[in-house]
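Visitor: Right, I'll just put the structure down here and ask away after.
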Amino acid sequence: MKPRIAVDAMGGDHGPKEVVDGSVMAAQKLGVELLLVGREDVVLAELEGRDNIADIRVVDARDVIAMDEPIEAVKAKPEASINVGMGLIKQGEADAFVTAGNTGATLTAALLRLGRIPGIGRPALGMVVPTGENGVTMLIDVGANADSKPAHLVQFAYMGSAAMEHVHGIVSPRIGLISIGEEDSKGNQLTLEVNRALRGSDLNFVGNIEAGQLPGNAADVAVMDGFTGNVLIKTVEGVAEMFFGELQRAVRRTPWNLAAGLVLSRDLRKSQRRLDYAEYGGAQLLGVNGVVFVAHGRSSARAILGGIRAAREAVKNEVLGKLCEVAERMPARGIAAVVAANAGDGHA
């Protein structure tokens, strides 16, 4: 049976056109059934005249939650596309939901309609990014929680470990804690307590890592609070855009540079594709009782395709079930106990 992926057709800065374009590409390439959620007349107009859309169905949702609306809109607009998409998972009509829409509204709608996995204190956004020569690292949390307690970050580590193991096939993923120095004694009160707890856990904790070590694949999962994670990922995106912009300008500067650029164009395109957020499908909202992916608000059709691909892989690899098993093994109270038990054991 093909995975059934619901897609928020109205979400993001470029919906519905880019969302529909990406969804059509996904239907042709990925072997999935797609439910495009949005204003039926608008979505059908975008689909008109396209080929190979037998695996696409439109689900009507009369309202839209704009990117700048407060989270109160989730309750005020029960027929919004984000709410209807979550409802499809709840009702068993979809296996996953992908949106490039309002992140806060997505988190709120997921909590209201799907709820948390029993034992999970807070959900977190886990984003996979390229690191090292051929590696990838999950950054968690990249924006679901501006403020977190130590127990939450320890749970993020467990959830990230499970996701990387079962989707990316990494045995015993290395867990790193983002801090201002590698020594256990470095960091604020939050990172000091999380470090002690992870030292006492059964995870493959490699210690503190600095943000500058991430490009070298210093860990398979990099744990941080959502405020730090959101600043980090936006900085990375900005630097990548600046780098490739500067590279393009340098190539066009002289005829000799242009000739060299033509010789290297194939390899440069490969590098750009590997560093492009569109290839990685956004971030999974780990910890809610359903498979939910939040794509970049500026998502192109290719980024939507990436989000659908990531959702398909999460469904096929039964990541939700693995997260439920992890939560049973390490519920919120148990993690809090690990933090307390290690608070005075001499680690500093």
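The values are calculated or read from the model by the stated rules, or taken from the named source; none is laboratory data. No experiment lies behind these values; they were computed from the predicted model shown. Positions of Cβ are generated from backbone atoms using ideal geometry, with glycine treated the same way; all protein chains shown enter the neighbour counts.
Visitor: Being of a type in the set (A, V, I, L, M, F, W, C), assigned to a helix (DSSP H, G or I) and within 22 Å of ALA327 (Cβ to Cβ), is that true of even one residue in the stretch 123-133?
Guide: The answer is no, given that none of the residues of the stretch 123-133 is of a type in the set (A, V, I, L, M, F, W, C), assigned to a helix (DSSP H, G or I) and within 22 Å of ALA327 (Cβ to Cβ).
Conditions (1) under 27 Å from the mean Cα position of the chain (by Cα); (2) farther than 18 Å from GLU18 by Cα; (3) of a type outside the set (S, T, N, Q); (4) in a loop (DSSP other than H, G, I, E, B), marked per residue:
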| position | (1), (2), (3), (4) |
| --- | --- |
| VAL43 | yes, no, yes, no |
| GLY49 | no, no, yes, yes |
| ASN52 | no, no, no, yes |
| ARG57 | yes, no, yes, no |
| ILE65 | yes, no, yes, yes |
| ASP68 | yes, yes, yes, yes |
| ILE71 | yes, yes, yes, yes |
| LYS75 | yes, yes, yes, no |
| PRO78 | yes, yes, yes, yes |
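Visitor: Of the conditions (1) over 30 Å from GLY212 (Cβ atoms); (2) small (Gly, Ala, Ser); (3) in contact with a helix residue (DSSP H, G or I) (Cβ under 7 Å, 6 or more places away or on another chain), GLY49 fails just one. Which one is it?
Guide: That leaves (3) as the condition not met.
Visitor: Another question, then. If I filter the stretch 60-93 down to residues being β-branched (Val, Ile, Thr) and buried (at least 21 other Cβ atoms within 10 Å of the Cβ), which single residue comes out as nearest to MET1 (Cα to Cα)?
Guide: ILE89
Visitor: Quick test for you: out of GLY226, GLY200, pick the one residue that is under 19 Å from SER172 (Cα atoms) and either of a type in the set (Gly, Ala, Ser) or not assigned by TED's automatic domain parsing to the domain that holds ALA327 (or both).
Guide: GLY200
Visitor: Since ILE82 meets every condition but one in (1) of a type in the set (A, V, I, L, M, F, W, C); (2) touching an Asp or Glu at 6+ places or on another chain (Cβ under 7 Å); (3) more than 21 Å from ALA303 (Cα to Cα), which condition does it not meet?
Guide: In the conditions (1) of a type in the set (A, V, I, L, M, F, W, C); (2) touching an Asp or Glu at 6+ places or on another chain (Cβ under 7 Å); (3) more than 21 Å from ALA303 (Cα to Cα), ILE82 misses (3) alone.
Visitor: May I ask you to list the residues in the stretch 62-107 that are charged (D, E, K, R) and in contact (Cβ under 8 Å) with a residue 40 or more places away in the chain?
Guide: LYS90, GLU93, ASP95 - these are the residues of the stretch 62-107 that are charged (D, E, K, R) and in contact (Cβ under 8 Å) with a residue 40 or more places away in the chain.
Visitor: Then there is this: Take GLY12 and decide whether it is buried (at least 23 other Cβ atoms within 10 Å of the Cβ), out of contact with any Cys (no Cβ under 7 Å at 6 or more places or on another chain) and in a loop (DSSP other than H, G, I, E, B).
Guide: yes
Visitor: Is at least one residue of the stretch 157-179 in contact (Cβ under 8 Å) with a residue 24 or more places away in the chain, surrounded by 20 or more Cβ atoms within 10 Å (Cβ to Cβ), part of a loop (DSSP other than H, G, I, E, B) and among the hydrophobic types (A, V, I, L, M, F, W, C)?
Guide: no
Visitor: Hey, does the stretch 180-188 have a residue that's at positive phi and in contact with a helix residue (DSSP H, G or I) (Cβ under 9 Å, 6 or more places away or on another chain)?
Guide: yes
Quick grid of which residues meet (1) modelled with pLDDT under 95; (2) more than 24 Å from the chain's Cα centre (by Cα):
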| residue | (1), (2) |
| --- | --- |
| LYS149 | yes, no |
| HIS152 | yes, no |
| GLY160 | no, no |
| ARG174 | no, no |
| LEU177 | no, no |
| GLY187 | yes, yes |
| ASN204 | no, no |
| GLN213 | yes, no |
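Visitor: Let me ask something additional. Would you mention how many residues in the stretch 292-308 are buried (at least 24 other Cβ atoms within 10 Å of the Cβ), of a type outside the set (Gly, Ala, Ser) and under 11 Å from the mean Cα position of the chain (by Cα)?
Guide: 3
Visitor: Would you please name the residue that is farthest from ARG312 (Cα to Cα), looking only at residues in the stretch 84-104 that are modelled with pLDDT under 95 and in a helix (DSSP H, G or I)?
Guide: GLY104
Visitor: Right, here's the next one. Being in contact (Cβ under 8 Å) with a residue 12 or more places away in the chain and among the small types (Gly, Ala, Ser) is the filter here; which residues of the stretch 35-53 pass it?
Guide: Passing the criteria: only GLY38.
Visitor: Determine whether ALA151 is assigned to a helix (DSSP H, G or I) and either buried (at least 20 other Cβ atoms within 10 Å of the Cβ) or not assigned by TED's automatic domain parsing to the domain that holds LYS322 (or both).
Guide: yes
Visitor: Now, a different point. Could you check the stretch 105-122 and list, in sequence order, the residues that are in a loop (DSSP other than H, G, I, E, B) and crowded, with 24+ Cβ neighbours inside 10 Å?
Guide: Of everything in the stretch 105-122, just one residue is in a loop (DSSP other than H, G, I, E, B) and crowded, with 24+ Cβ neighbours inside 10 Å, namely ILE120.
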